[in-house]
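What follows is one structure encoded as structure tokens, with my remarks underneath.
The values are calculated or read from the model by the stated rules, or taken from the named source; none is laboratory data. None of these values were measured; they are calculated from a predicted model. For neighbour counting, all protein chains shown are included, and Cβ atoms are generated from backbone atoms with ideal geometry for every residue, glycine included.
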Amino acid sequence: MLKLKNLHLRSGVIQSPMAGCTDLAYRLLSRSYGMEFCFLEMVSAESLVRDHSGARDLMETTPEDRPLGAQLVGCRPEAMGEAAKIVEDMGFDLLDLNLGCPVPKVAGNGAGSALLAEPDKARAIFAAVVKAVKKIPVTVKMRLGVQDASGEEAVRTARIAEACGVDAVTVHGRTRVQGYSGVADYQAIGKVKAAVKIPVIGNGDVVSAADARRLREISSCDGVMIGRGGLGNPWIFKNIEKTLSGNGESDEPSFEEKKSALLRHFELELEYREGKTALLYMRRIACWYFKNIPGVNEFRTAINTCLSVPDMRGLIQNFNPLS
Ligand SMILES: Cc1cc2nc3c(=O)[nH]c(=O)nc-3n(C[C@H](O)[C@H](O)[C@H](O)COP(=O)(O)O)c2cc1C
């Protein structure tokens, strides 16, 4: 059980925020397979404060899509505080602050992972947000550091967060300069766990229940966050929960089960997006489900030129592994 204020999570297995991936269709599909908690993708605090429609669009949700966390990215304490209040008023169950994004458009502007090297600014942001939010838990998701892979910047940032009243931190075991290369360092995540009393959620390279167990054993983290491992694999959440609680081993889906999950995912995209946009999204989504299946390259070529909803459905229904 992971307790964050009044939010009690049975499993502590969480889907991370992922831009362009963890949309409403993804979340509803994954929930139907047992995912307990999920995030929207990051939303710019400045856009939300200025009420840009793009920011609100990214926050589309439904009553079944609960419990749900929102994540803000930004570097101005006033805007972050103001946006935090908006998030709480919108009814989200948790607010996370992004201190991990490595992309130049974000980090180059002093937000995301750049804040790991700016302890005073990070402190001002945490304090403004904790002051603005009345009820829901506030968490911070960070990388190990900007360049220094020892974990010291994450330890410093987590201590500041704890002192400001933040309820938990998530640590992705890579630095900003590492991007997504190499392997996540679970020992360095453990350094953060040892340094603070608030819960620490470990993140990085968990694509199986065995990985989740290793992350927990090495870092002693309180929760496990899944990123890319959830894409095309909604079974991962239950598998990890079962394995970590000693209630069984992983059930791996058959090819037909993957196909039917993908078809349901497509129908959900169609429910919440205009047809043409759903088709564009499907170019990526379909390949998540059929990764490593013989013949997927030809399938990818076909869906990348597919221009109609019935044709897309047919391509998925008729795809079979090459023998
Ligand atoms: C396409 C993509 C989009 C992402 N978007 C976000 C985001 O909006 N906010 C965030 O905190 N992390 C984001 N991340 C980072 C992931 O949430 C996660 O921390 C990272 O992928 C490491 O976990 P994993 O190895 O399990 O994927 C993104 C990662 C990817 C690959």
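Here Glu256 qualifies as surrounded by fewer than 16 Cβ atoms within 10 Å (Cβ to Cβ), more than 14 Å from the ligand (Cβ to nearest atom) and part of a helix (DSSP H, G or I). So, Gln178, is that one in contact with a helix residue (DSSP H, G or I) (Cβ under 7 Å, 6 or more places away or on another chain), among the polar types (S, T, N, Q) and over 23 Å from Phe37 (Cα atoms) or not? So Gln178 fails the test. Residues of the range 200-222 that are surrounded by fewer than 21 Cβ atoms within 10 Å (Cβ to Cβ), within 17 Å of the chain's Cα centre (by Cα) and more than 10 Å from the ligand (Cβ to nearest atom): Ser208, Asp222.
For the range 115-132, state whether one or more residues are closer than 15 Å to Gly204 by Cα and of a type outside the set (Phe, Trp, Tyr). No, every residue in the range 115-132 fails to be closer than 15 Å to Gly204 by Cα and of a type outside the set (Phe, Trp, Tyr). Among the residues of the range 129-166, those that are among the hydroxyl-bearing types (Ser, Thr, Tyr) and within 15 Å of the ligand (Cβ to nearest atom) comprise Thr139, Thr157.
The set of residues from the range 83-105 being crowded, with 20+ Cβ neighbours inside 10 Å, of a type in the set (D, E, K, R) and touching a helix residue (DSSP H, G or I) at 6+ places or on another chain (Cβ under 7 Å) is empty. Scanning the range 24-67 for residues that are under 20 Å from Phe266 (Cβ atoms) and basic (Lys, Arg) gives Arg27, Arg31. Here Lys276 does not qualify as in a helix (DSSP H, G or I) and touching a residue at least 40 places away in the same chain (Cβ under 8 Å). When each of Glu41, Glu64, Glu36 is tested for being without any contact (Cβ under 8 Å) to a residue 40 or more places away in the chain and within 20 Å of Gly204 (Cα to Cα), the lone residue that passes is Glu41.
Is there a residue in the range 114-128 that is modelled with pLDDT of 95 or more, within 15 Å of the ligand (Cβ to nearest atom) and in contact with an Asp or Glu (Cβ under 6 Å, 6 or more places away or on another chain)? Yes, there is a match, as at least one residue in the range 114-128 is modelled with pLDDT of 95 or more, within 15 Å of the ligand (Cβ to nearest atom) and in contact with an Asp or Glu (Cβ under 6 Å, 6 or more places away or on another chain).
Do we have any residue at all in the range 113-126 that's more than 18 Å from Pro77 (Cβ to Cβ) and not small (Gly, Ala, Ser)? Scanning the range 113-126, I find no residue that is more than 18 Å from Pro77 (Cβ to Cβ) and not small (Gly, Ala, Ser), so the answer is no. Listed by position, the strands (runs of 3 or more DSSP E) contained in the range 1-78 that have at least 1 residues being within 16 Å of the ligand (Cβ to nearest atom) and not assigned by TED's automatic domain parsing to the domain that holds Ala278 are 13-15, 38-44, 68-73. For the range 237-246, state whether one or more residues are surrounded by fewer than 23 Cβ atoms within 10 Å (Cβ to Cβ), under 19 Å from the mean Cα position of the chain (by Cα) and over 30 Å from Leu315 (Cβ atoms). There is at least one residue in the range 237-246 that is surrounded by fewer than 23 Cβ atoms within 10 Å (Cβ to Cβ), under 19 Å from the mean Cα position of the chain (by Cα) and over 30 Å from Leu315 (Cβ atoms).
Residue-wise test of (1) within 15 Å of the ligand (Cβ to nearest atom); (2) at pLDDT 95 or above.
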residue: Ala184; (1), (2): yes, yes
residue: Asn233; (1), (2): yes, yes
residue: Ala261; (1), (2): no, yes
residue: Glu271; (1), (2): no, yes
residue: Gly275; (1), (2): no, no
